[in-house]
Every structure is written in C-alpha cells, then in structure tokens.
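Asker: First the structure, which I've put down as structure tokens, then a few questions once you've had a look.
The values are calculated or read from the model by the stated rules, or taken from the named source; none is laboratory data. Computed from a prediction, not measured in an experiment: that's the story for all the values here. For neighbour counting, all protein chains shown are included, and Cβ atoms are generated from backbone atoms with ideal geometry for every residue, glycine included. Remember, those area values only see protein heavy atoms, side chains included, never the ligands or the DNA or RNA. Shrake-Rupley method; radii C 1.70, N 1.55, O 1.52, S 1.80 Å.
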Amino acid sequence: MSDPDGILVVDKAGGWTSHDVVARCRRLFGTRRVGHAGTLDPMATGVLVLGLNRGTRLLTFLVGCDKAYEATIRLGQGTVTDDAEGEIDFTGREDTIAGLGEAQIRSCVERFRGEIEQVPSAVSAIKVDGQRAYARVRHGEHVELAARRVTVYGFEVGAVRAGESPRGPVVDVDVAVEVSSGTYVRALARDLGAALGVGGHLTALRRSRVGGFSLAHAVTLDDLDARDQAGRWSAVLDLGAAAARQWPVHELTPQEAIEVGHGRRIASTTPGQALVAAVSADGGLVAMLDESGPLARSHAVFRPGS
C-alpha cells in the first residue's frame, strides 16, 4: 500500500498546538510530508485541515477559505492575549458590567458584521521585522499591528449569562461567527468589550468549519491512534474528493487530462471562476485551474509522485 495523498480533517483537542498535531500525524502516517491549512490556537478546539504528501500542495489553495467558529466571550475583563490564557490587564466598572443587558449586547454586535477594519491580536502569528508578534509579546515587547480589512459574514449571539469571577462581575456570551480568512475571533471579543466599555476576551473557541470541511468530516487524534494503518488511511480524503468539496469541478475528457497534465490550456467550462478543480474520469485530481477567462490555465498540476 502506497503512502496516502490527500486531506485529513482533525478535530483538535485543547492544549495542542497545530505543530503538535502535524508532528503526531507524521508519526502515525509514517511520512514527513504533512502540513496544515491554518493555525489553530492551543486553547482552541475543532477543525484543523491537514495535507498529507501531495495533499500539502493543495493546502496553498485552502489557506484563504472562510471559517466558522463557536465561542464564548467574557465581558468585563480584558487580557494581554485577548483570551483566557493571558493575564487580566483591564477590568470594567462594576456598575457598567451589571447594567449590561442582552439587547445592548446584541445591538453592539451589529457593528461588527460585514466588512470591518480589524487590528489583529498582539499575540498573533503575524511577523514583525521577521519575528512572530506573539514571540515579541512573550519577551515583554509592546507590539502594535496595522489594521486590516476582514469580513464577518455572521456574528450571532446565543446564551447570555451574568456571573461572578475572582476579579468581580462578568457577563459570558456564547456566539457563533463566520468570517473571512485572516479574521481573529479573539480580536472580535476584545473589540466588542471595548465598544461596550467593559473589556472583553475569549474563554472558549471551537472551529466548526474551514471552507467545505466541517466537524462532520473530522477525526480525533485518539481515534487515529486506535486504528490500524488501513483504518488511518481510510480517514484521508483523496485529492479529487477533497477538491470537489471546496471548489467547482471541471470534469476532463481523456484528451483534456493529457493536455492539462502537460500544462497546456484548455477551454474553460466555468468562466469567471479563479479556482476550479480539474478531475479525470476516475475522479482523480489532475490540476487546479484558473478559469476566470475563456481559456483555463493551471495553478498547479498534480501528477503522481509530484
């Protein structure tokens, strides 16, 4: 049995870094060619999309997919990291926190839907002068990052619970968000708290979807660990099936498959689409195409062994 090529969707447990998951899967699948399509914080759980072997080449196109999360925002306290792992550096006035109503919270959330300018969390993986921002913060540096335009497709408020913490009253808000790539949910929590004048940070975060890959397609590391080799490989989506889950499909004729395999252009079937999965008659992924014009050109060709 040859090494598996494809996409593996892992339901990451809390406390694991994305690198930890990649390292574990390298051992489980016996290959060094494992990568991920976007970091998930250690405190967060949920969907982490991995590429195995030739699947690592598909990750380039998955990085920019939209994402969905379920989270809990604690209003009343801000932290250095904008989540529960950082020290509290701001506490809101008790009377202001006590006066927070569900209607006020829901109304404030409205301003964070659609296209917004967002300053990433200072402990993000964004590089500042060649070094990750979070590394600079951990060394005691003050980091200021430039705002970027992101899109919040959905920001829905669920349960709202008033409570007490060792530092005073708080209000916990369960939310479901759908966002463009590059959006920081921690920053949404921070900015919602700031807009309400009480501070805010994340206490829980679960990623439920990356593009077309959801928790319904995910397996845990414990489950993979308990399986034999064949069972582990059965959890890996082949390249054609994975690409078809995310992008429009161009079903190639045998002659078109030859042409595309040699990097030649063919007629587009979905004009206007910048990313299209070109698959052979047997469903295998031949290439990722740009069909934004009348003639399709290859972003990448997936020859066996490439």
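Asker: What number of residues within the range 233-262 satisfy the criterion of being of a type in the set (Phe, Trp, Tyr) and over 23 Å from THR220 (Cα atoms)? Even if it seems obvious, please write down each step before you answer.
Answerer: Within the range 233-262, the subset of a type in the set (Phe, Trp, Tyr) is 233, 247.
Remaining after also requiring over 23 Å from THR220 (Cα atoms): 247.
Of the residues in the range 233-262, 1 are of a type in the set (Phe, Trp, Tyr) and over 23 Å from THR220 (Cα atoms).
Asker: For residues that are touching an Asp or Glu at 6+ places or on another chain (Cβ under 9 Å) and not hydroxyl-bearing (Ser, Thr, Tyr), scanning just the range 292-306, find the one that is most open to solvent (accessible area, probe 1.4 Å).
Answerer: Let us first name the residues in the range 292-306 that are touching an Asp or Glu at 6+ places or on another chain (Cβ under 9 Å), namely 296-299, 302, 304.
From the residues that got through so far, the ones that are not hydroxyl-bearing (Ser, Thr, Tyr) too are 296-297, 299, 302, 304.
Working: ALA296: 1, ARG297: 98, HIS299: 72, PHE302: 9, PRO304: 122 Å².
Within the range 292-306, the match that is most open to solvent (accessible area, probe 1.4 Å) is PRO304.
Asker: Quick check: is even one residue across the range 10-18 basic (Lys, Arg), modelled with pLDDT of 95 or more and crowded, with 16+ Cβ neighbours inside 10 Å? Explain how you work it out, then say what you get.
Answerer: The initial filter retains those residues of the range 10-18 that are basic (Lys, Arg), namely 12.
Then drop every residue that is not modelled with pLDDT of 95 or more, which leaves 12.
Of the ones still in play, those that are also crowded, with 16+ Cβ neighbours inside 10 Å are 12.
Looking through the range 10-18, at least one residue is basic (Lys, Arg), modelled with pLDDT of 95 or more and crowded, with 16+ Cβ neighbours inside 10 Å.
Asker: So how many residues does the range 178-202 have that are crowded, with 23+ Cβ neighbours inside 10 Å, in a strand (DSSP E or B) and among the aliphatic types (A, V, I, L, M)?
Answerer: The qualifying residues number 1.
Asker: Turning to a different aspect of this structure: Examine the range 36-48 for a residue that is open to solvent by less than 40 Å² (accessible area, probe 1.4 Å) and either without any contact (Cβ under 8 Å) to a residue 40 or more places away in the chain or under 16 Å from GLY240 (Cα atoms) (or both), and state whether such a residue exists.
Answerer: Taking every residue of the range 36-48 in turn, none turns out to be open to solvent by less than 40 Å² (accessible area, probe 1.4 Å) and either without any contact (Cβ under 8 Å) to a residue 40 or more places away in the chain or under 16 Å from GLY240 (Cα atoms) (or both).
Asker: From the residues in the range 268-291 that are more than 26 Å from the chain's Cα centre (by Cα) and open to solvent by less than 60 Å² (accessible area, probe 1.4 Å), which one is farthest from LEU237 (Cα to Cα)?
Answerer: Going through the range 268-291, the residues more than 26 Å from the chain's Cα centre (by Cα) turn out to be 268-271, 280-283.
Then drop every residue that is not open to solvent by less than 60 Å² (accessible area, probe 1.4 Å), which leaves 268, 270, 280, 283.
Values: SER268: 26, THR270: 24, SER280: 16, GLY283: 12 Å.
For the range 268-291, the residue satisfying everything is SER268.
Asker: May I ask you to say which residue of GLY168, GLY158 is touching a residue at least 12 places away in the same chain (Cβ under 8 Å) and either surrounded by 16 or more Cβ atoms within 10 Å (Cβ to Cβ) or under 24 Å from ILE116 (Cα atoms) (or both)? Reasoning before the result, please.
Answerer: Details: GLY168 fails: either surrounded by 16 or more Cβ atoms within 10 Å (Cβ to Cβ) or under 24 Å from ILE116 (Cα atoms) (or both).
None of the other options fit; the residue is GLY158.
Asker: Moving to a separate point now. Which number in (1) open to solvent by less than 50 Å² (accessible area, probe 1.4 Å); (2) at pLDDT 95 or above; (3) among the small types (Gly, Ala, Ser) marks the one condition that ALA226 misses?
Answerer: If we test ALA226 against (1) open to solvent by less than 50 Å² (accessible area, probe 1.4 Å); (2) at pLDDT 95 or above; (3) among the small types (Gly, Ala, Ser), just (1) comes out false.
Asker: For the range 62-72, does any single residue satisfy the condition of being under 13 Å from the mean Cα position of the chain (by Cα), surrounded by fewer than 19 Cβ atoms within 10 Å (Cβ to Cβ) and among the hydrophobic types (A, V, I, L, M, F, W, C)?
Answerer: yes
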